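*Asks:* I have a structure I would like to understand better, so I am pasting it below and will then ask my questions one at a time.
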Ligand code: BGP
């Protein structure tokens, strides 16, 4: 593990892992090639804000996405040009186990990720693999109601074991579930739970969460048995929640909102249900089925590091009617002191420093920022070297956030790395559109699916290359 810099100047540790992040369903396309089964994403045509259909529809951009499945070599070469040290991607569960509950994996799916890893190795880029990033096989959603069914633990164990056996010598850093706390808000997307949100009981929801946590611990056990050098992380959707006013009732409301997210980290890191969560469950009349074997797994196979996505913060109040904030899968109350992106996500670089300090103080585990970035409507213009995007707004957003990361490092927080979200333009999770772009690399595809899929370097491409080359000194 890298040690935090003792220098009070804003320095990043030596060996800091600079890079970018993606997810299979948002980049790969090839949704039915080489034996891949359907995933929940393939039937979510217009993003998470509309209910799923029964079948893939042609207006689902994710079916072809940005065609990374065929263009991975070209794309990884571009990432290498920026000097990436690490690339976060997910493995599509339904490429490996098309239905999710079969006993034998799909060799063609496994071979694809071999090729991706070959390419990364060629460029000296470290892989960071998410095992489950909103891609539950659709069959598991339809037949088992996703993670509400205990049998998913076994299916996930088999899937994870297959990955660790195949790639465990090549991949050191793994994440079990992307933004595991998001299941509270988007049970179908996040947990493959087919029962509509308004009919899903809290009993079933919390039981599903329990199953995911046990599965994560089981995967951690298997990984360490296969290769003790593997590092397993949990992944939390971090949305710091501030009290809207100093009224103690607002302070308590904000604390409770934060705990809804902390609970997942507490279980992953401490391996036990925290008292405040037990009380919430009691108050809701929920009695979870937790076996002795579950308790042992949770306690004995905790994570090696904690990763997080960070885009924004919100406020909470118990005392007044306040305008709702919009945000990444969860709302909250708008903060009058902050500006927001075009999608209403409130921009709060200092909140990242606070979050990193809070997580470090609470869990004492190395942290990895595996998502951060600005979704924006980019405009392609002619530049001296061909088409480009003058995305100074993105540079400003990332620069401000990275300065806060450096502050946290100076505060003594151990930060392993930073992978900006959507380092190459991809299909947005919440809108299922291309027009909400995050990348350093522009991909020529519009919301109607038109475009050549050509890749163009944005202004931020050169900026990030300089940041990496100077290990953050040019921020
Ligand atoms: C996170 C997800 C990502 C990604 C990101 C940006 O919640 O892990 O998959 O999509 O948010 O969200 P969006 O695409 O909705 O702007």
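*Asks:* With each run of n ≥ 4 DSSP H residues scored as -39500 (n - 2.57), what mean residue ellipticity at 222 nm is computed for the chain after dividing by its residue count and rounding to the nearest 500 deg cm²/dmol?
*Replies:* Details: 14 runs with 178 residues, N = 475.
Rounded to the nearest 500, it is -12000 deg cm²/dmol.
*Asks:* Whole angstrom only: what separates the Cα centroid of the range 133-154 from the Cα centroid of the range 161-187?
*Replies:* Each part's Cα centre sits 15 Å from the other's.
*Asks:* Suppose the Debye formula is applied to equal point scatterers at every Cα of the range 74-127; what is log10 I(q)/I(0) at q = 0.19, 0.29 Å⁻¹?
*Replies:* So the normalised log intensities work out to -0.67, -1.07.
*Asks:* Counting pairs of Cα atoms in the range 152-310, how many percent are more than 23 Å apart?
*Replies:* On the way: 5080 of 12561 pairs.
Value for the range 152-310 (Cα pairs over 23 Å): 40 percent.
*Asks:* Also, quick follow-up: Tell me the relative contact order for the range 21-173 as a rounded percent, counting alpha carbon contacts under 8 Å between residues six or more apart. List each step's numbers first, then the result.
*Replies:* Working: 236 pairs, mean separation 43.1, N = 153.
Relative contact order, the range 21-173: 28 percent.
*Asks:* Output the relative contact order of the chain, whole-number percent, from Cα pairs under 8 angstrom with separation of 6+ residues. Intermediate values should be presented prior to the final figure.
*Replies:* Details: 1013 pairs, mean separation 90.3, N = 475.
Averaging sequence separation for qualifying contacts and normalising by length gives 19 percent for the chain.
*Asks:* What is the Cα convex hull volume of the range 217-322 when expressed per residue in Å³? Write down the numbers at each step before the final one.
*Replies:* On the way: hull volume 12.0 nm³, N = 106.
Per-residue hull volume (Cα only) is 113 Å³.
*Asks:* Indicate, rounded to the nearest 5 percent, the antiparallel portion of the DSSP beta bridges found entirely in the chain.
*Replies:* On the way: 11 of 48 bridges.
Here the antiparallel bridges make up roughly 25 percent for the chain.
*Asks:* log₁₀ I(q)/I(0) of the range 4-71 at q = 0.13, 0.14, 0.15, 0.25 Å⁻¹, via Debye over equal Cα point scatterers, no solvent, to two decimals?
*Replies:* Per q value, in the given order, log10 I(q)/I(0) is -0.50, -0.54, -0.57, -1.11.
*Asks:* Dividing the convex hull volume of the alpha carbon atoms of the range 341-464 by its residue count, what do you get in Å³ per residue?
*Replies:* Numbers: hull volume 13.5 nm³, N = 124.
It comes to 109 Å³ per residue, whole-number rounded.
*Asks:* Cα convex hull of the range 400-458: mean projected area in nm², to one decimal? Before the final figure, lay out the partial values.
*Replies:* Numbers: hull surface 20.8 nm².
Mean projected area of the Cα convex hull: 5.2 nm².
*Asks:* With a cut-off of 14 Å, note down the residues of the range 217-245 whose backbone N falls inside the zone around a label point 7 Å from the Cα of residue 103 toward its beta carbon.
*Replies:* Counting only backbone N, you get no residues.
*Asks:* Something else about it: Need one word for the range 261-335: rounded, prolate or oblate. Basis is the Cα gyration tensor (sqrt eigenvalues a ≥ b ≥ c); a/c below 1.5 gives rounded, then a/b vs b/c decides. Don't skip to the answer; put the middle values down first.
*Replies:* On the way: a/c = 3.46, a/b = 1.64, b/c = 2.11.
Oblate, because a/c is 1.5 or more while a/b does not exceed b/c.
*Asks:* Could you tell me what a quarter of the Cα convex hull surface of the range 70-207 works out to, in nm² with one decimal place?
*Replies:* On the way: hull surface 35.1 nm².
Projected area, direction-averaged: 8.8 nm².
*Asks:* Determine the equivalent ellipsoid of the range 177-259 by diagonalising the alpha-carbon gyration tensor, then write out the semi-axes as square roots of 5 times the eigenvalues, largest first, rounded to whole Å. Working shown, then result.
*Replies:* Values: eigenvalues 172, 81, 19 Å².
That gives 29, 20, 10 Å for the three semi-axes.
*Asks:* Based on other C-beta atoms within 10 Å, arrange 395, 27, 290, 226 from fewest to most.
*Replies:* On the way: 395 19, 27 24, 290 13, 226 16.
Listing 395, 27, 290, 226 from fewest to most nearby Cβ atoms yields 290, 226, 395, 27.
*Asks:* Continuing with the same structure: Roughly speaking, what is the centre-to-centre gap between the range 78-96 and the range 260-306 when only Cα atoms are used, to the nearest Å?
*Replies:* 31 Å
*Asks:* Once every Cα of the chain carries one equal point scatterer and solvent is ignored, give the base-10 log of I(q)/I(0) from the Debye formula at q = 0.07, 0.08 Å⁻¹, two decimals.
*Replies:* -0.33, -0.43
*Asks:* Still on this structure, please answer the following. Neighbour counts of other C-beta atoms within 10 Å: give me 173, 393 arranged from fewest to most. Before the final figure, lay out the partial values.
*Replies:* Details: 173 23, 393 14.
In order of increasing Cβ crowding within 10 Å: 393, 173.
*Asks:* Now, a different point. In µm²/s, what is D for the range 334-412 at 25 °C and 0.890 mPa s, where D = kT/(6 pi eta Rh) by Stokes-Einstein and Rh is the Kirkwood radius from Cα pairs?
*Replies:* Numbers: Rh = 14.6 Å.
In µm²/s, the coefficient is 168.
*Asks:* Kindly put 374, 110 in sequence by how many other C-beta atoms sit within 10 Å of each C-beta, fewest to most. Display every interim value, and only then the final one.
*Replies:* Working: 374 25, 110 16.
The most exposed by this proxy come first: 110, 374.
None of the figures in this text is laboratory data; all of them are computed from the coordinates on show. Just so you know, these numbers come straight off a predicted model, no measurement behind them. We place every Cβ from the backbone using ideal geometry, glycine too, and count neighbours over all the protein chains shown.
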